[in-house]
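The values are calculated or read from the model by the stated rules, or taken from the named source; none is laboratory data. Note that this is a predicted model, so its numbers are computed, not measured. FYI the Cβ positions are ideal-geometry reconstructions off the backbone, even for glycines, and counts take in every protein chain you see.
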Amino acid sequence: MHCCTFRFRLLVGLFCMVLLVFFEPSHARAGLGSESRFGIDYVFPLDERYQQAPIAEQLARTGAGWVNFALVGWNQVEPTSPQAGQHQYEWDELDAAVRHWQAHGFHLVFTLRMGKGWFSGPHSYAPEGLPLVARALMENADRLPKPEHLEDYASWVAAVVERYDHDGVGDMPGLVSGVHHYQIGNEAGNPAFWTGSIDDYFQLLALARNAAQEADPEVKIIPSGLRPNDFFIENPQGDDPEPFLQDYLNRLDPGYREGILRSLELDRRILAATGEYDILDAAGNGSWHQGAQGFFNWVRREMEAAGNTAVVWDLESRTEPLLTAVQTTHAYPELEIPRAADILFQMKGPRRMRHAQAVEWYRAEQARLLIKVFVARFAGGAEKVFVGMPMDWDQGLEALAWPNPFMGLLSSDGSPWPAVHAMTFLVAELDGFSSAEQVPTEGDIRLYRFTFSDGRSSLWVAWLHEFEPRGMGDQYPRVEVALPHVASASQIWTISNTGVAVEAFSHSTQYNPLRVTLTPT
């Protein structure tokens with residue numbers, strides 16, 4: 001992508017940028033700490049792979065300040081019911097994960113889940129016609145506990161918050177800093193993760209909020225993330241998605257229509273739930289940079305109408321190229337990469353003829369998407385943005401369950417892909433910005449401006465936007481454009497189209513207005 005950054009910096013063609021960064025291994029790293037705007041999602045703290053050195057060490061080198069512990073399960077921390085009114089919590093694994101990630105400089109968000117356990121109530125929502133993987137997930141999905149165990153849930157939430165709040169009372173030994181951010185459930189609009197009713201979810205949210213606030217007055221509560229990002233790909237104004245939604249639903253089987261409408265109803269109730277939480281998760285839930293402006297415009301409009309003043313984060317964006325679009329989960333399956341099945345086939349076989357070419361193309365595209373996602377969602381209005389996955393899921397049973405297992409910033413053995421180098425560059429240049437905006441332009445140019453209050457000059461990001469997806473071996477259009485908003489630039493960076501690492505170079509320009517060549521990637 002010819003993406004440019006100008007300092008008066010321009011990140012151009014956003015991805016003509018090439019950057020080669022060398023790091024000295026270190027647990028202690030300079031960064032903005034809790035003030036960082038960058039985070040990593042999908043860290044599973046009770047999985048031993050996420051307690052081993054390579055993942056945290058490699059991701060710490062990006063300079064990102066946050067990690068979301070995406071599954072802190074009640075059924076894992078308290079696998080047996082209380083005996084004689086006494087709770088038996090098993091903290092060892094969670095303690096180990098907290099120590100490990102804090103030792104690498106990260107601040108933590110806990111996503112509190114339940115899973116299937118002694119406390120589980122009945123499924124009150126179980127749509128028909130879901131694929132096998134979704135039905136399997138539903139068996140372990142969160143739902144409201146049995147009535148006799150609601151207080152046990154509140155006790156568990158309070159116990160977790162108290163152990164990790166760093167107030168000197170009942171804290172985990174070796175706790176470096178307090179964990180004050182808690183998300184209650186994951187994708188409650190998705191029956192793979194929540195099979196209770198919408199009313200059930202808000203009952204659970206209130207129960208968790210009250211218990212957490214009693215344990216830690218500084219706690220920040222985050223509800224389940226929103227869903228309809230890709231509904232706004234052709235709706236940058238953020239108008240009511242109903243007209244588009246009806247056309248989309250007409251393409252689906254009736255069973256799926258119910259689920260989409262239920263999810264949107266939940267999202268609207270979350271947006272209108274003034275005072276019931278502190279931070280909204282306007283989740284990307286995919287690499288939907290195209291719809292960011294419209295989505296955030298809609299979110300702001302809905303919140304303002306309700307008088308909701310919650311802070312907006314995005315805890316769940318991703319950066320993988322769209323190789324497995326399906327009509328039932330993607331509003332725009334036509335955005336699937338051309339010849340996607342062949343790309344996946346080549347990537348899955350190291351001895352296949354075009355394996356190296358497929359990996360090179362895919363990882364370069366992933367690096368470009370990472371920058372687009374961060375830039376577009378910051379400009380949309382997210383205060384912080386978290387991306388995943390930390391590593392590929394191409395080993396073991398996970399590889400069989402996921403159509404595209406190559407979602408990671410790291411390989412399954414912990415080696416960094418180009419996206420990690422792109423993120424390192426972006427964190428170094430953007431973290432600590434004071435304002436972000438998309439600047440109106442003519443034609444299909446996407447131009448963004450970031451300003452800073454610490455003396456750094458403005459940074460601009462630009463790329464050529466097109467709706468047509470491009471695949472491995474395809475030619476990308478190139479357009480020379482004048483950017484009158486950017487009168488001059490002292491440095492321009494571009495990101496390379498090839499290469500396992502990102503090389504960095506910069507050069508100065510004296511053109512006024514600035515003229516650059518942009519491509520979509």
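Only residues that are part of a helix (DSSP H, G or I) and of a type outside the set (A, V, I, L, M, F, W, C): list them for the stretch 54-108, please. Give the derivation first.
To start, the set of residues in the stretch 54-108 that are part of a helix (DSSP H, G or I) comprises 54-60, 74-77, 92-103.
Within the stretch 54-108, P54, E57, Q58, N75, Q76, D92, E93, D95, R99, H100, Q102 qualify.
Confirm whether P321 is of a type outside the set (K, R), assigned to a loop (DSSP other than H, G, I, E, B) and more than 24 Å from T111 (Cα to Cα).
Numbers: of a type outside the set (K, R): yes; assigned to a loop (DSSP other than H, G, I, E, B): yes; more than 24 Å from T111 (Cα to Cα): yes.
Yes.
G381: in contact with a strand residue (DSSP E or B) (Cβ under 9 Å, 6 or more places away or on another chain), within 30 Å of M303 (Cα to Cα) and touching a residue at least 40 places away in the same chain (Cβ under 8 Å), yes or no? Give the steps one after another, and end with the answer.
On the way: in contact with a strand residue (DSSP E or B) (Cβ under 9 Å, 6 or more places away or on another chain): yes; within 30 Å of M303 (Cα to Cα): yes; touching a residue at least 40 places away in the same chain (Cβ under 8 Å): yes.
Answer is yes for this residue.
Apart from one condition, E316 fits all of (1) buried (at least 24 other Cβ atoms within 10 Å of the Cβ); (2) in contact with a helix residue (DSSP H, G or I) (Cβ under 6 Å, 6 or more places away or on another chain); (3) not hydrophobic (A, V, I, L, M, F, W, C); the exception is (2). Restricted to the stretch 89-114, and to residues there that are in contact with an Asp or Glu (Cβ under 7 Å, 6 or more places away or on another chain) and not charged (D, E, K, R), the residue that is farthest from D41 (Cα to Cα) is Y89. Taking the stated definitions as given, is A208 in contact with a strand residue (DSSP E or B) (Cβ under 9 Å, 6 or more places away or on another chain) and of a type outside the set (D, E)? Spelling it out, A208 is indeed in contact with a strand residue (DSSP E or B) (Cβ under 9 Å, 6 or more places away or on another chain) and of a type outside the set (D, E).
Within the stretch 453-473, the residues that satisfy the criterion of being touching a Ser or Thr at 6+ places or on another chain (Cβ under 9 Å) and either without any contact (Cβ under 8 Å) to a residue 24 or more places away in the chain or in a strand (DSSP E or B) (or both) are S453, D454, L459, W460, V461, A462, W463, L464. Can you name every residue in the stretch 394-444 that is among the acidic types (D, E), free of Cβ contacts under 8 Å to residues at least 40 places away in the same chain and surrounded by fewer than 14 Cβ atoms within 10 Å (Cβ to Cβ)? E398, E442, listed by residue number.
Scanning the stretch 403-426 for residues that are under 26 Å from V326 (Cβ atoms) and either in a helix (DSSP H, G or I) or not hydrophobic (A, V, I, L, M, F, W, C) (or both) returns P403, N404, P405, G408, S411, S412, A419.
Scanning the stretch 243-270 for residues that are more than 18 Å from R300 (Cβ to Cβ), of a type in the set (D, E, K, R) and free of Cβ contacts under 8 Å to residues at least 60 places away in the same chain returns D247, R257.
Here the stretch 170-220 is the region considered, the condition is being buried (at least 20 other Cβ atoms within 10 Å of the Cβ) and part of a strand (DSSP E or B), and the residue that is farthest from the chain's Cα centre (by Cα) is W194.
For the stretch 143-151, does any single residue satisfy the condition of being acidic (D, E) and in a helix (DSSP H, G or I)?
Step one: filter the stretch 143-151 for residues acidic (D, E), giving 148, 151.
Now narrow it down to the ones that are in a helix (DSSP H, G or I): 148, 151.
Yes.
Under the condition of being without any contact (Cβ under 8 Å) to a residue 24 or more places away in the chain and either more than 30 Å from Q246 (Cα to Cα) or among the hydrophobic types (A, V, I, L, M, F, W, C) (or both), the residues counted in the stretch 327-341 number 1. Residues in the stretch 279-300 that are closer than 14 Å to D267 by Cβ and touching a Gly at 6+ places or on another chain (Cβ under 6 Å): D281, A283, F296, W298.
Listed by first and then second residue, the pairs linking a residue in the stretch 474-490 that is at pLDDT 80 or above to a residue that is of a type in the set (F, W, Y) and not in a loop (DSSP other than H, G, I, E, B), with Cβ atoms under 7 Å apart and 6 or more places separating them unless they lie on different chains, are V486/F6; V486/W460. Selection of the stretch 77-104 for residues being closer than 19 Å to A158 by Cβ and touching a strand residue (DSSP E or B) at 6+ places or on another chain (Cβ under 9 Å) yields L94, V98.
If the condition is being more than 28 Å from A64 (Cβ to Cβ) and surrounded by fewer than 14 Cβ atoms within 10 Å (Cβ to Cβ), then the stretch 83-114 contributes Q83, A84, G85, Q86, Q88, E90. Residues in the stretch 91-113 that are touching a Pro at 6+ places or on another chain (Cβ under 7 Å) and under 24 Å from L205 (Cβ atoms): L94 only.
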